[in-house]
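The values are calculated or read from the model by the stated rules, or taken from the named source; none is laboratory data. Not measured: the values here are computed from a predicted model. So basically every Cβ, Gly included, is an ideal-geometry build from the backbone, and we count neighbours across all protein chains shown.
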Amino acid sequence: MKPKLQVALDNTSLVEALQSLRLYQDAIDVIEVGTILHVAEGIEPVRVLRALYPEKIILADIKGADAGSLLAKLCFDAGATWMTAICSADVNTMIGMKKTGQAYGEDRDVQIELYGDWTMEQAKNWKDAGLEQVVYHRSRDAQAAGKGWDQSDLDKLSALTDMGFKVTITGGLEVHDLALFKDLPIYCIIAGRSIRDASNPLQAAEAFQAEITRLWT
């Protein structure tokens with residue numbers, strides 16, 4: 001299956017996010033309300049985006065850590081298709097999110113954001129509990145420190161896909177990075193600044209889609 005292309009709207013205002021999105025909206029599959037935008041504007045961006053883009057997958061990247069059912073109700077009431085939990089959250093928090101989401105539709109889902117010192121034993125517990133999606137990060141701060149993708153990343157990604165997870169990758173990805181992952185069944189690829197800040201954002205998004213098609217079909 002060809003990976004989906006997701007753009008993270010990590011803008012600091014909804015107006016700015018909408019102005020950006022209009023430039024490449026037809027070339028992406030998933031619209032992410034980034035954590036930064038959530039902090040700036042609350043849940044309202046999800047509500048607005050659902051009204052404007054009724055057919056798109058919309059992700060609420062809240063990185064929830066507690067009160068899973070309540071946070072999920074806020075996200076899914078507003079129109080999110082997916083929401084995120086931080087990997088350090090208790091598995092019961094994640095289960096609460098998932099169960100709440102399923103009441104809104106079979107396509108509603110929870111992504112576990114992999115930060116810090118998570119383990120494969122935890123991953124097995126998540127999978128056993130019915131969680132299906134994980135997001136593998138190279139963090140913004142790690143990028144700034146010059147950390148690139150390496151074999152240890154690919155080994156972890158391979159282990160996660162072998163466990164049956166739908167794996168999303170993110171972290172300063174550029175088009176030329178995608179070939180690193182071509183042998184893995186990646187579910188979704190997140191780009192942010194490489195599309196949003198490009199001189200021609202639509203052309204940048206189309207370049208990602210072309211490379212995804214070349215590598216995975």
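A search for C-beta distances below 6 Å between a residue of region 52-67 that is of a type in the set (Phe, Trp, Tyr) and crowded, with 24+ Cβ neighbours inside 10 Å and any residue that is part of a loop (DSSP other than H, G, I, E, B) and modelled with pLDDT of 95 or more, counting only pairs 6+ apart in sequence or on different chains, returns nothing.
In this structure, ILE169 does not qualify as touching a Pro at 6+ places or on another chain (Cβ under 8 Å), among the β-branched types (Val, Ile, Thr) and under 27 Å from ILE36 (Cα atoms). Look at ALA89 and say whether it is farther than 27 Å from GLU55 by Cβ and either surrounded by fewer than 18 Cβ atoms within 10 Å (Cβ to Cβ) or in contact (Cβ under 8 Å) with a residue 40 or more places away in the chain (or both). Spelling it out, it is not the case that ALA89 is farther than 27 Å from GLU55 by Cβ and either surrounded by fewer than 18 Cβ atoms within 10 Å (Cβ to Cβ) or in contact (Cβ under 8 Å) with a residue 40 or more places away in the chain (or both). For region 107-119, check the following and say yes or no: at least one residue is hydrophobic (A, V, I, L, M, F, W, C), touching an Asp or Glu at 6+ places or on another chain (Cβ under 6 Å), modelled with pLDDT of 95 or more and not in a loop (DSSP other than H, G, I, E, B). The answer is no; no qualifying residue exists.
Just wondering, is there one or more residues in region 73-80 that are within 23 Å of TYR115 (Cα to Cα) and either in contact (Cβ under 8 Å) with a residue 24 or more places away in the chain or within 13 Å of the chain's Cα centre (by Cα) (or both)? Yes, region 73-80 contains a residue that is within 23 Å of TYR115 (Cα to Cα) and either in contact (Cβ under 8 Å) with a residue 24 or more places away in the chain or within 13 Å of the chain's Cα centre (by Cα) (or both). Among the residues of region 1-22, those that are more than 16 Å from ILE62 (Cα to Cα), hydrophobic (A, V, I, L, M, F, W, C) and either at pLDDT 95 or above or crowded, with 20+ Cβ neighbours inside 10 Å (or both) comprise LEU5, VAL15, ALA17, LEU18, LEU21. Residue count for region 23-51 satisfying the condition of being more than 26 Å from ALA210 (Cα to Cα) and surrounded by fewer than 23 Cβ atoms within 10 Å (Cβ to Cβ): 13.
With a requirement of 3 or more residues that are aromatic (Phe, Trp, Tyr) and crowded, with 18+ Cβ neighbours inside 10 Å, none of the helices (runs of 4 or more DSSP H) lying completely within region 150-217 satisfies it. Scanning region 120-138 for residues that are part of a helix (DSSP H, G or I), without any contact (Cβ under 8 Å) to a residue 40 or more places away in the chain and surrounded by 17 or more Cβ atoms within 10 Å (Cβ to Cβ) yields a total of 1. Looking at ILE43, ILE57, just one residue is closer than 30 Å to PHE181 by Cβ and not basic (Lys, Arg), and that residue is ILE57.
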